[in-house]
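Have a look at the structure below before the remarks.
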Amino acid sequence: MDGALLHWLARPAVEVAPGLLGARFSRTTAEGEVAVRITEVEAYLGEHDPGSHAYRGMTNRNKTMFGPPGHIYVYFTYGMHHCVNIVCGHEGQATGVLLRAGEVTDGLDLARRR
(Lines give C-alpha, C1' and ligand atoms only; values in the text may rest on other atoms or scores of the structure.)
Protein backbone atom coordinates (compact mmCIF):
# COMPACT_ATOMS: atom_id res chain seq x y z
CA MET A 1 0.00 0.00 0.00
CA ASP A 2 1.17 3.52 -0.79
CA GLY A 3 2.99 5.22 2.10
CA ALA A 4 0.99 8.43 1.75
CA LEU A 5 -2.27 6.48 2.01
CA LEU A 6 -1.05 4.62 5.11
CA HIS A 7 -0.08 7.94 6.70
CA TRP A 8 -3.54 9.34 5.86
CA LEU A 9 -5.23 6.29 7.45
CA ALA A 10 -3.06 6.53 10.59
CA ARG A 11 -5.50 9.09 12.03
CA PRO A 12 -8.64 8.81 14.16
CA ALA A 13 -11.54 7.11 12.37
CA VAL A 14 -13.72 10.21 12.86
CA GLU A 15 -11.22 12.17 10.73
CA VAL A 16 -10.78 9.48 8.07
CA ALA A 17 -14.49 8.72 7.59
CA PRO A 18 -15.51 12.04 5.94
CA GLY A 19 -12.55 11.77 3.56
CA LEU A 20 -13.78 8.39 2.32
CA LEU A 21 -17.17 9.76 1.29
CA GLY A 22 -17.12 10.05 -2.48
CA ALA A 23 -13.91 8.01 -2.77
CA ARG A 24 -13.75 5.63 -5.72
CA PHE A 25 -12.67 2.02 -5.26
CA SER A 26 -12.06 -0.10 -8.34
CA ARG A 27 -10.94 -3.58 -9.26
CA THR A 28 -9.93 -4.72 -12.72
CA THR A 29 -9.77 -8.39 -13.67
CA ALA A 30 -9.76 -10.24 -16.98
CA GLU A 31 -13.57 -9.82 -16.96
CA GLY A 32 -13.31 -6.04 -16.78
CA GLU A 33 -13.44 -3.21 -14.24
CA VAL A 34 -15.95 -2.60 -11.47
CA ALA A 35 -15.79 0.76 -9.68
CA VAL A 36 -17.77 1.95 -6.69
CA ARG A 37 -18.19 5.44 -5.23
CA ILE A 38 -18.54 5.33 -1.45
CA THR A 39 -21.81 6.99 -0.38
CA GLU A 40 -22.10 6.12 3.32
CA VAL A 41 -19.56 5.40 6.06
CA GLU A 42 -19.51 4.95 9.83
CA ALA A 43 -16.58 5.56 12.21
CA TYR A 44 -15.96 3.11 15.05
CA LEU A 45 -13.81 4.00 18.05
CA GLY A 46 -12.83 0.54 19.24
CA GLU A 47 -12.86 -0.20 22.94
CA HIS A 48 -14.50 3.18 23.68
CA ASP A 49 -17.45 2.59 21.33
CA PRO A 50 -20.28 0.19 22.32
CA GLY A 51 -21.17 -0.17 18.61
CA SER A 52 -17.71 -1.51 17.74
CA HIS A 53 -16.80 -5.20 17.52
CA ALA A 54 -13.70 -4.26 19.52
CA TYR A 55 -15.67 -2.80 22.45
CA ARG A 56 -15.06 -5.80 24.70
CA GLY A 57 -11.42 -6.22 23.70
CA MET A 58 -9.51 -8.33 21.25
CA THR A 59 -10.85 -11.69 20.13
CA ASN A 60 -9.78 -14.05 17.38
CA ARG A 61 -12.64 -12.66 15.25
CA ASN A 62 -11.79 -8.95 15.60
CA LYS A 63 -7.99 -8.99 16.00
CA THR A 64 -7.54 -7.38 12.56
CA MET A 65 -9.14 -4.22 13.96
CA PHE A 66 -6.23 -3.94 16.41
CA GLY A 67 -3.68 -4.15 13.59
CA PRO A 68 -1.97 -1.44 11.60
CA PRO A 69 -3.90 1.07 9.48
CA GLY A 70 -4.86 0.00 5.99
CA HIS A 71 -5.86 -3.52 6.90
CA ILE A 72 -9.37 -4.67 6.05
CA TYR A 73 -11.69 -6.22 8.62
CA VAL A 74 -14.56 -8.17 7.03
CA TYR A 75 -17.31 -9.84 8.99
CA PHE A 76 -20.55 -11.63 8.16
CA THR A 77 -23.70 -10.33 9.83
CA TYR A 78 -27.36 -11.25 10.07
CA GLY A 79 -26.61 -14.40 8.08
CA MET A 80 -26.64 -12.46 4.82
CA HIS A 81 -24.20 -9.51 4.59
CA HIS A 82 -20.44 -9.14 4.48
CA CYS A 83 -19.37 -5.83 6.05
CA VAL A 84 -16.05 -4.15 5.27
CA ASN A 85 -14.11 -1.92 7.66
CA ILE A 86 -10.86 -0.09 6.90
CA VAL A 87 -8.60 -0.10 9.97
CA CYS A 88 -7.47 3.41 10.97
CA GLY A 89 -5.40 5.00 13.70
CA HIS A 90 -2.39 3.23 15.13
CA GLU A 91 -1.72 -0.42 15.81
CA GLY A 92 -3.43 -1.49 19.04
CA GLN A 93 -6.21 1.14 18.86
CA ALA A 94 -8.92 -0.97 17.12
CA THR A 95 -10.52 1.94 15.27
CA GLY A 96 -11.95 1.72 11.79
CA VAL A 97 -14.38 2.99 9.21
CA LEU A 98 -17.25 0.82 8.04
CA LEU A 99 -18.04 1.21 4.33
CA ARG A 100 -21.84 1.12 4.65
CA ALA A 101 -22.94 1.88 1.09
CA GLY A 102 -21.66 2.60 -2.38
CA GLU A 103 -22.85 3.24 -5.90
CA VAL A 104 -21.47 1.21 -8.78
CA THR A 105 -20.14 3.78 -11.26
CA ASP A 106 -18.45 1.45 -13.76
CA GLY A 107 -19.06 -2.19 -14.63
CA LEU A 108 -22.64 -2.49 -13.34
CA ASP A 109 -23.43 -5.60 -15.41
CA LEU A 110 -20.23 -7.31 -14.24
CA ALA A 111 -21.00 -6.39 -10.61
CA ARG A 112 -24.48 -7.87 -10.93
CA ARG A 113 -23.07 -11.11 -12.39
CA ARG A 114 -20.63 -11.41 -9.50
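The values are calculated or read from the model by the stated rules, or taken from the named source; none is laboratory data. As the structure is a prediction and not an experimental result, all values here were calculated from the model. Glycine also receives a Cβ, built like all others from the backbone with ideal geometry; neighbour counts cover every protein chain displayed. Protein only, heavy atoms only, side chains kept; ligands, DNA and RNA dropped before computing areas. Shrake-Rupley method; radii C 1.70, N 1.55, O 1.52, S 1.80 Å.
Annotations
- Inter-label distance, nm, simple model (7 Å from Cα along the C-beta direction), Arg113/Glu91: 4.1
- The slack between His48 and Ala30, meaning 0.36 nm per residue of separation minus the straight C-alpha distance, is 2.2 nm.
- Between the stretch 64-101 and the stretch 2-44, the Cα center-to-center distance that results, in Å: 12
- Across all Cα atoms of the stretch 45-85, the radius of gyration (one decimal) and Dmax (whole number) stand at 10.3, 28 Å.
- For the chain, built as a Gaussian network whose Cα springs stay under 10 Å, the top-fluctuating residue of Phe76, Phe25, Phe66: Phe76
- Rolling a 1.4 Å probe over the protein heavy atoms gives the chain an accessible area of 62 Å² per residue.
- The Cα atoms of the stretch 1-66 cover 42, 26, 25 Å along the three principal axes, with the biggest extent listed first.
- Per-residue ellipticity at 222 nm from helix content only, as computed over the chain with -39500 (n - 2.57) for each DSSP H run of at least four residues, stands at -4500 deg cm²/dmol.
- Largest to smallest in accessible area, the residues Met58, Met65 fall in the order Met58, Met65 (1.4 Å probe, all protein chains included).
- GNM result for the chain, Cα springs below 10 Å: residue of Gly70, Gly32, Gly22 fluctuating most strongly: Gly32
- Carbon + sulfur, % of accessible area of the chain - ligands and nucleic acids excluded, 1.4 Å: 53
- Taken over the chain, the convex hull of the Cα atoms encloses 117 Å³ per residue.
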